[in-house]
Every structure is written in structure tokens, then in C-alpha cells.
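Data block below; observations after.
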Amino acid sequence: MPGHVAIDLSDVQRWGGMLAEETVAIARRVEPAVVAQQRSVHQAIQEAAPFRTGALRGSVRTTGKGLSRWVRAGSRKAFYARFLEFGTIKMDARPFVRPHAGGAELREFENRVDAALTDGPIYSS
């Protein structure tokens, strides 16, 4: 029709569907890397936790699922975890969690994720 403009969006819809499928596939490929990193950090924090009674080391636990995972330290019995980690007015910090949240551990995690992603179809040559 004269004066009308038509835009074909079928390719956009097709690409949208492909991207949605790839997003799910990426999450499936990356999740084992996230789980492995969670275990590694859990073990490192447990080993680094100051040990007197064992309550603090025993309080280190993992939570979460899928790509949202945490390693936590502290409990009712080991309520002092935050005081050791961050210090107080009267006591210097003795961090045992934060040293394992970056640096070599972060590079190790990035390498695990990179390896998981390079297996995907959009990254294959």
C-alpha cells in the first residue's frame, strides 16, 4: 500500500527465542563451576577460621542454589565471627572470610566460568 511502512520482525523473534534457550544452557554449563567454587571457598574459610573450641569452624556453611550461592560463617554459638572478621574498637580485625573472596580465588572462579562458557554453541568456532 502506498504510504505504509512494513517491518518484518520474524528474525528478531527467532533470535529472541535462540537467546532465551542459550541463556538457560549457559546457566546449566556455569552452575557446576559455581558449585565447585563454593566448595573451594568453604574449605578455605573453614581452614582459615581461628580455632579455639571448633565452634567457628563448625559454623562455616554453604547456602543457596542454582547460580546464587553463599558461604557463611557464624552462628548463635559462634556469634563472634563478625568481630573477628571486621574487628571492634578494642580488637583489630582478624579476617578469615574476606581473604578468600578475591585475588587467586576470584581468578580461579573466572577460569572455571570461562571453561564452562567456551563449550557453548555461540562460542564455538
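Inclusion of residue 116 among residues that are of a type in the set (A, V, I, L, M, F, W, C) and modelled with pLDDT of 90 or more is not warranted.
Scoring residue 102 on the criteria (1) open to solvent by 70 Å² or more (accessible area, probe 1.4 Å); (2) part of a loop (DSSP other than H, G, I, E, B) leaves a single failure, condition (1). Selection of first residues in the range 31-59 that are under 12 Å from residue 73 (Cα atoms) and of second residues that are modelled with pLDDT of 90 or more and of a type in the set (Ser, Thr, Tyr), restricted to Cβ pairs under 6 Å at least 6 apart or on distinct chains, gives the following pairs, ordered by first then second residue: 42/62; 59/75.
If you check 55, 73, 116 for being aliphatic (A, V, I, L, M), surrounded by 13 or more Cβ atoms within 10 Å (Cβ to Cβ) and closer than 30 Å to residue 18 by Cα, only one passes: 116.
The values are calculated or read from the model by the stated rules, or taken from the named source; none is laboratory data. These numbers were taken from a predicted model, which means no experiment stands behind them. Cβ: placed from backbone, ideal geometry, glycine included. Neighbour counts: every protein chain shown. Note: areas computed on protein heavy atoms with side chains; ligands, DNA, RNA excluded. Shrake-Rupley method; radii C 1.70, N 1.55, O 1.52, S 1.80 Å.
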